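See below for the structure under consideration.
The values are calculated or read from the model by the stated rules, or taken from the named source; none is laboratory data. Note that the coordinates shown come from a computational prediction; the quantities given were computed from them, not determined experimentally. Quick reminder, even Gly has a Cβ in these numbers, built from the backbone with ideal geometry, and neighbours come from all protein chains shown.
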């Protein structure tokens, strides 16, 4: 008789989510880079270059994360590389101007965030049964998204108190250091609870995963990362152009992401994942339409952010579960590594293009570009639904 997956202790998982929240503040603070670099004489293209430097180092993070996990354990690997998130936040705050040194700290950010973002879901996948994954992925990603959304709010609070924007980066560094200590302390307990799981990636495993249905959620998370990275990284510029308060975006986005997970995530993850992802990615598309054409006031700005928080936040949880469950047998960890890699390409790579678009063609052109990406993302899940219906109808007629 196969051994049942053990029940995850609530206190243990709660500390895991708290540590994830604290580490995520360091990445969230990078959404203030456009504001910080602008105050030093740079522009959106310069900010996009710094953010996109992280894309290069995340490739390294994905490749080494499996070996690190086998050597130190997943949680302590996160703690070790979490120190790079601390260093990156301090570097952004302390480096004068907007020169090449900021690119170095962007690389550190990518290494630290890449290991954390890759190994976190793998820990969850090995702790719970396949039927529980979507629920626990939602809790983990909710904690991380809360931290990401809180980072820019630190900058707004600093501004309200008359402090420089660098204060937000110092606070993010301190929070991330606490997160590092928590992950190190949790390492032994998580390792004893965690099921054995091979987290290394190989060409054979990559080909196996990408030839399965898991390729669709992997593509979708990359496109969703483009939408999220493009909007969030330059939200300070978007808000300034419309005389709005950028904190409304992050407050609305974060609140929606948290409340949707608390109130409806349990319902959503029990539904048909293809229908759920189609509806939610459609909601995300609607939010981009609002950002492009419908934001005229603080209320409409907040409403668009809430729609994005619900649509993007819950879509991510659903497709994360799809990537794990649609992967070939024995390749769940590899599918999650590729899922994370696709996300990194979108969320870190797209801001370089987005910043250039803003500088050369304006914010309106960027919004149209993001709208096209969101439409492509929605069309994938719509196409899967239609294909499934055609197969069912064909089976019934035969």
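Please find, among 227, 289, the residue that is surrounded by fewer than 22 Cβ atoms within 10 Å (Cβ to Cβ), on the phi < 0 side of the Ramachandran plot and touching a helix residue (DSSP H, G or I) at 6+ places or on another chain (Cβ under 7 Å).
Of the residues listed, the single one that is surrounded by fewer than 22 Cβ atoms within 10 Å (Cβ to Cβ), on the phi < 0 side of the Ramachandran plot and touching a helix residue (DSSP H, G or I) at 6+ places or on another chain (Cβ under 7 Å) is 289.
From the set of residues in the stretch 292-304 that are crowded, with 21+ Cβ neighbours inside 10 Å and at pLDDT 95 or above, which is nearest to residue 373 (Cα to Cα)?
That would be 304.
Looking at this structure, is residue 137 without any contact (Cβ under 8 Å) to a residue 60 or more places away in the chain and in a helix (DSSP H, G or I)?
Spelling it out, it is not the case that residue 137 is without any contact (Cβ under 8 Å) to a residue 60 or more places away in the chain and in a helix (DSSP H, G or I).
Table: residues versus (1) surrounded by fewer than 17 Cβ atoms within 10 Å (Cβ to Cβ); (2) out of contact with any strand residue (DSSP E or B) (no Cβ under 9 Å at 6 or more places or on another chain); (3) farther than 16 Å from residue 26 by Cα; (4) modelled with pLDDT of 90 or more.
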site: 49; (1), (2), (3), (4): no, yes, yes, yes
site: 65; (1), (2), (3), (4): no, yes, yes, no
site: 93; (1), (2), (3), (4): no, yes, no, yes
site: 97; (1), (2), (3), (4): yes, yes, yes, no
site: 102; (1), (2), (3), (4): no, yes, no, yes
site: 107; (1), (2), (3), (4): no, yes, no, yes
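Considering only helices (runs of 4 or more DSSP H) fully contained in the stretch 165-236, which possess at least 3 residues that are modelled with pLDDT of 90 or more and within 19 Å of the chain's Cα centre (by Cα)?
Those helices (runs of 4 or more DSSP H) span 166-193, 215-233.
Which pairs do you get when a residue that is on the phi < 0 side of the Ramachandran plot and surrounded by 13 or more Cβ atoms within 10 Å (Cβ to Cβ), found in the stretch 193-212, comes within reach of a residue that is at pLDDT 85 or above and in a loop (DSSP other than H, G, I, E, B), reach meaning Cβ atoms under 8 angstrom, with the pair 6+ apart or on two chains?
Between residues of the stretch 193-212 that are on the phi < 0 side of the Ramachandran plot and surrounded by 13 or more Cβ atoms within 10 Å (Cβ to Cβ) and residues that are at pLDDT 85 or above and in a loop (DSSP other than H, G, I, E, B), the close pairs are 208/328; 209/327; 209/328; 212/326; 212/327; 212/328.
I need the full set of residues from the stretch 259-273 which are surrounded by fewer than 18 Cβ atoms within 10 Å (Cβ to Cβ) and in contact with a helix residue (DSSP H, G or I) (Cβ under 7 Å, 6 or more places away or on another chain), in order please.
266, the sole residue that qualifies.
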